[in-house]
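Below: the structure, in structure tokens.
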Amino acid sequence: QIQAYLDNVFDVGGLLEDAETKNAALEKVDELEEHLSHVTEKLLEVENETMMKVADLEKILLQKDKDLQAIRETYESTNTQVNTLRRMIKEKDAAFQRHFNIEKRLLELEQQGTIRLHKKPDGDISIEPLGVGGGGSGIG
């Protein structure tokens, strides 16, 4: 019977220490759960803010894409106009050069005595051949 009594003896000091350790651990778990709750809440806030920022940036990106497309269209249109104007200038330069060459040749013929040039008030020029047969009638 003595042995049975000894077997049922509890170490009250050890049990008390275990209970204190358990309580301290439970308090720490409560603290950690509360901290985790705050961190989770903060994480959700940050995720929401980030999602809103991403949505705003996507809107801005879409607008910038539209702006870029408009600029490209304007560039293409302007480029076409510039090319058309360059072609027109080139054609006008060629026409001016032909006109200049004709005037130069007419002046040469006048200096040679082959023709006589008469400028009219409206800016036209009449050409009078002076070759064979003397003074002829004006052409032009």
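The numbers here are math on the coordinates, done by the rules we state, and not lab data. On a predicted model such as this, the values are computed, not experimentally measured, just so you know. Cβ: placed from backbone, ideal geometry, glycine included. Neighbour counts: every protein chain shown.
For every residue, the table says whether it meets (1) under 28 Å from the mean Cα position of the chain (by Cα); (2) among the small types (Gly, Ala, Ser); (3) surrounded by 10 or more Cβ atoms within 10 Å (Cβ to Cβ).
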| site | (1), (2), (3) |
| --- | --- |
| 48 | no, no, yes |
| 51 | yes, no, yes |
| 56 | yes, no, yes |
| 77 | yes, yes, yes |
Within region 94-117, identify whether any single residue is surrounded by 10 or more Cβ atoms within 10 Å (Cβ to Cβ), outside any helix (DSSP H, G or I) and among the basic types (Lys, Arg), and answer yes or no. yes
